[in-house]
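Working notes, structure below.
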Amino acid sequence: MKLRVDLLPHGQYPDVVMVIDVLRATTTAVTYLERGADALLLTATPDVALGLKLGSQSGTYALGGERGGLPIPGFDFGNSPVEAAAQNFTGRTVVMNTTNGTGAAHTAAQSGKHVFLAALTNAHAAARRARATATEEIAIVCAGTDDRVGLEDVYAAGVLAEYLLAMGEFSIDDGARIALTVRRSGGNPLEALGSSAHGARLASLGLGEDVRFAAGLSTSTLVPTLDTASDPPPGTLRFIGG
Ligand code: 3SL
Ligand code: MG
C-alpha cells in the first residue's frame, strides 16, 4: 500500500484521498456534522451557495464560509468550529464555501475514488477509515493557504501518517516523510497550529479559540465522506457523516 502526502493540492488521486484544511474548513466541516447536520454541500463559489439558499425554502440550508477569515456577506455563519459547536444543525444541510479548503476538496474529487475530509479532531477515525477503504494508495492532500504550504496542514498530515503507519505496512513518498518530520519536531498540536502563519493570522483576527479547538486531537469519530450515490446540485460536492 502506498502513502503519499501532497503539500498542496495537485495531480490525480486514483484511490483514497483525505483532504486537510485544519485551519479551519475541514475542522469546521467535522463540527457541522457533529452538531447534527444531515449533509454538507461544498460549493465551487460563494455564489453557488447564495443561489441555493435563494431557491429553497427558508431553513433548508445554513450557509457557512469565509473570505479573509471573515464571514461572507449573505452567509449565516463564518467558518468557525467554535461557532458551529454552539449550534444545532439537526435537519439542515450546511452549505460551505471557503478560500482554500472547499476548493481543495473539489480538486480531490475530480479524480479520487473515495474522498474524505480530515482534521486533527477526527484524525484517528479518518486514518482508520482510509486504511479500511484503500486498495492501492492513500493520498493526504494539504489545502495550504493561497497556493502556499501551510505548516498546520503538513503537521496534521504527519499525525495521520503516524496513525496509518501504526496500522500496517506502507511505502511512503517524500511528502509523507516531510510531514512525519514536521509532526515529530513540531511540538504538540496547539504549539504547531499556534506557530503557523495562518494560526497567527487567525489569532490577530480574534479567532484564537478556533485555533485551540482545531488542535484537539481525535476528539471526534465523524469522517465527512463524499457521497457518490446521489446527484448533488450543480457546482457542489455532497459530504455525509461516516
Ligand atoms: O482557506 C480556507 O478554506 C479557510 O479554512 C481559511 S480560514 O481559516 O477560515 O480563514
Ligand atoms: Mg487552512
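The values are calculated or read from the model by the stated rules, or taken from the named source; none is laboratory data. Every value quoted in this text rests on a predicted model; they were computed, and no experiment measured them. As a convention, Cβ positions derive from the backbone with ideal geometry for all residues, glycine included, and neighbour counts pool all protein chains shown.
Screening Arg67 against (1) within 15 Å of ligand 2 (Cβ to nearest atom); (2) on the phi < 0 side of the Ramachandran plot; (3) crowded, with 19+ Cβ neighbours inside 10 Å leaves a single unmet condition, (3).
Filter the stretch 191-238 for residues that are free of Cβ contacts under 8 Å to residues at least 40 places away in the same chain and within 16 Å of ligand 2 (Cβ to nearest atom); which is nearest to Ala132 (Cα to Cα)? Once the filter is applied, the top-ranked residue is Arg212. Scanning the stretch 158-180 for residues being within 22 Å of Arg212 (Cα to Cα) and of a type outside the set (A, V, I, L, M, F, W, C) gives a total of 3. One residue stands out among those in the stretch 173-196 that are outside any helix (DSSP H, G or I) and crowded, with 17+ Cβ neighbours inside 10 Å: the one that is farthest from the chain's Cα centre (by Cα), which is Gly186. Cβ-Cβ distances below 7 Å connect the following pairs, each with a first residue in the stretch 87-112 that is closer than 14 Å to Ile72 by Cα, a second residue that is of a type in the set (S, T, N, Q) and in a helix (DSSP H, G or I), and a separation of six or more residues or different chains: Met96/Thr102.
One residue is enough: does the stretch 6-21 have a residue meeting the conditions more than 16 Å from ligand 2 (Cβ to nearest atom), modelled with pLDDT of 95 or more and touching a Leu at 6+ places or on another chain (Cβ under 6 Å)? There is no residue in the stretch 6-21 that is more than 16 Å from ligand 2 (Cβ to nearest atom), modelled with pLDDT of 95 or more and touching a Leu at 6+ places or on another chain (Cβ under 6 Å). The residues in the stretch 39-64 that are surrounded by 14 or more Cβ atoms within 10 Å (Cβ to Cβ) and either among the aliphatic types (A, V, I, L, M) or under 19 Å from Thr225 (Cβ atoms) (or both) can be counted, and the count is 13. Does Ala132 count as closer than 30 Å to Thr60 by Cβ and small (Gly, Ala, Ser)? Taking the combined requirement at face value, the residue does not satisfy it.
Of the residues Ala125, Ala197, Ala139, only one is farther than 18 Å from Thr28 by Cα and away from ligand 1 (no atom under 15 Å from the Cβ); which? None of the other options fit; the residue is Ala139. Screening Thr102 on (1) over 19 Å from Leu202 (Cβ atoms); (2) crowded, with 24+ Cβ neighbours inside 10 Å; (3) in contact with a strand residue (DSSP E or B) (Cβ under 7 Å, 6 or more places away or on another chain) shows it passes everything except condition (1).
Residue check: Thr90 meets all listed conditions (1) surrounded by fewer than 19 Cβ atoms within 10 Å (Cβ to Cβ); (2) within 16 Å of ligand 2 (Cβ to nearest atom); (3) of a type outside the set (Asp, Glu) but one, namely (2). Taken together, the residues in the stretch 17-34 that are touching a Ser or Thr at 6+ places or on another chain (Cβ under 8 Å) and either in a loop (DSSP other than H, G, I, E, B) or surrounded by fewer than 24 Cβ atoms within 10 Å (Cβ to Cβ) (or both) amount to 4.
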